[in-house]
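Worksheet: the structure to be examined is printed underneath.
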Amino acid sequence: MAQLVLLPGKDRSLARRHPWIFAGIVDRLNGRARPGDTVDVVAANGRPLARAAWSPESKIRARVWTFDPDETIDDVFFKRHIHAAVARRQAMPGLRGQDGLRLIHGESDGLPGLIVDRYGDTLVVQLTATGPEKWRRAILAALREASGCARIYERSDSDVRRLEGLEPVTGWVFGEAPAEPLVIVENGVRIGVDVVAGHKTGFYLDQRDNRLLTRELAGGRTTLNCFCYTGGFSLQALAGGATSVLSIDSSGPALSTAVDNLARNPELAADRAEWRQADVFSELRVLKSAGHRFDLIILDPPKFAPSAQHAERAARAYRDINVCAFRLLNPGGLLMTYSCSGGIRSEHFQQIVTDAAIDAGRQTRLLRRLAAPADHPVALNFSEGEYLKGLLCQVD
Ligand code: SAH
């Protein structure tokens, strides 16, 4: 096995069990390795530290599979980790019985570069790094065995793959496309999931708990759902008894799925829903100048800052939409505001929202911090990457 030697004094992040080995701390590779091959990671003095997947084209030159330098990386390794991840979710009361569930959450499940979501008996797999790419056969076999799924679709088309020198790969890798559109039930609401053309793996499972909270808060409230995608928050607001729900998104296909989703739930008051294709940044201003006000506003924008480099511009964008939202709230109104930007830490996000409330001239209190559900764990030694942070605020 080839040996990846770190520069002197550069083993600190590994000692803290951070699984990424950046190019800047690598001295050399002794021996030959192809992309995805397992390499022994050693300190400058030769002390063994870990075993990792080699990725010569990426700035993240290797991702650690194990911090035990003697552990073998083979089919059994993947089988064990995948079974453990599935069992972890089965052990969580709030996750049992969910149709839509993240089964593998990359680094936080000990499997860097692997995302797996389950929608009913369909799995969607995303391989975003050379390591999982190399082990795809073992991974797919273990997933079939651990989940008992009927079919697996591969959505390895995220941009980060290019940084690894990998081409996009999509298609059915086990079983066949289902005859009917895929529909899951999330907390009593039916939602169609397009695993082939939808965003990410088809749906934003990380907002499941927060959508449920929306249902609990929406009763008797006029609601505005910004960045609504296929209507997850909107339908829960209707289910909770919102008096009206205006939903905005810039994507035509997402809105047409949202309309179909509403039709899939005939018990909901469809006459209270309005869907609008627009840019949220300008539409919030249009609503304000037309004198509209709301009792509950949801802001769930896409990732404005994929990494720390983009933080400043992203902070301005977050501030802008949050100022507008605060201005649109009726007295006593609630704002649920989110960021999934890896480049913005939660304290920073809270500061941005605080500044926005001040700019808007609204006395505001924080009622609750909001996060992703337990099927999206965040390993404490790995806080990078997109993870969800949210705030529930109330204005006077
Ligand atoms: N809240 C959704 C997920 C939101 S994902 C859920 O619970 O499922 C972010 C959405 O923002 C996407 O649907 C994308 O189409 C939309 N979007 C991105 N930029 C936008 C903009 N400037 N104005 C309106 N919508 C935008």
Any idea what angle helix 311-328 forms with the longest principal axis of the chain, computed on alpha-carbon atoms, 0 to 90 degrees, nearest 10?
20
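The chain: Rg/Rh from Cα coordinates, Kirkwood Rh?
Radius of gyration over Kirkwood radius for the chain works out to 1.00.
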Of all DSSP beta bridges having both residues in the chain, the percent classed as antiparallel (nearest 5) is 65
Sorting L163, L238 on solvent-accessible surface, 1.4 Å probe, most exposed first, gives L163, L238
Would you mind checking the tilt of helix 208-217 against the longest principal axis of the Cα atoms of the chain, expressed as 0 to 90 degrees and rounded to 10?
20
Note to self: Kirkwood Rh of the stretch 124-267, Cα pairs, one decimal, Å, is 16.8
Using only Cα atoms, what is the ratio of the radius of gyration of the stretch 248-396 to 2.2 N^0.38 Å?
1.11
What size of dipole, in debye to the nearest 20, comes out for the chain about its Cα centre when the only charges are +1 on Lys and Arg C-beta atoms and -1 on Asp and Glu C-beta atoms?
780
Counting Lys and Arg as +1 and Asp and Glu as -1, what is the net charge of the other residues whose Cβ lies under 12 Å from the Cβ of R88?
+1
Förster radius 45 Å - calculated FRET efficiency between D396 and Q90 (Cβ-Cβ, nearest 0.05):
0.55
Excluding E283 itself, what net charge comes from residues whose Cβ is under 11 Å from its Cβ, given Lys and Arg +1 and Asp and Glu -1?
+1
Each residue of the stretch 139-149 in turn: what ³J(HN,Hα) in whole Hz from Karplus with 6.51, -1.76, 1.60 and θ = phi - 60°, glycine and Pro shown as x?
5, 5, 5, 5, 5, 4, 5, 6, 9, x, 5
At 1.4 Å probe size, put Y229, Y318 in order of accessible surface, largest to smallest.
Y229, Y318
Suppose R0 equals 25 Å. What FRET efficiency, 1/(1 + (r/R0)^6) with r the Cβ-Cβ distance, do H83 and A374 give to the nearest 0.05?
0.90
Obtain the radius of gyration and the Kirkwood radius of the stretch 1-47 from its C-alpha atoms and give Rg over Rh.
0.94
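Where the accessible area of the chain is counted over protein heavy atoms with a 1.4 Å probe, how much of it, in %, is carbon and sulfur?
50
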Given C-alpha coordinates of the stretch 1-128, what is the ratio Rg to Rh with the Kirkwood estimate of Rh?
1.04
Rounded to the nearest 10 degrees, the helix 346-359 long axis (Cα) sits at an angle to the longest Cα principal axis of the chain of 20
Probe of 1.4 angstrom, ligands and nucleic acids ignored: what's the accessible area per residue over the chain, in square angstrom?
44
Environment charge at V353 (Cβ cut-off 15 Å; Lys +1, Arg +1, Asp -1, Glu -1):
+4
Taking a 1.4 Å probe, which of Y338, Y387 shows the most accessible area, and what order do the others take after it?
Y387, Y338
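The values are calculated or read from the model by the stated rules, or taken from the named source; none is laboratory data. Predicted model only: the values in this text are computed from it and were never measured. Neighbour counts run over all protein chains shown; Cβ positions are idealised from the backbone, glycine included. Ligands, DNA and RNA are stripped out before the accessible areas are found, and what is left, the full protein with its side chains, is counted by its heavy atoms. Shrake-Rupley method; radii C 1.70, N 1.55, O 1.52, S 1.80 Å.
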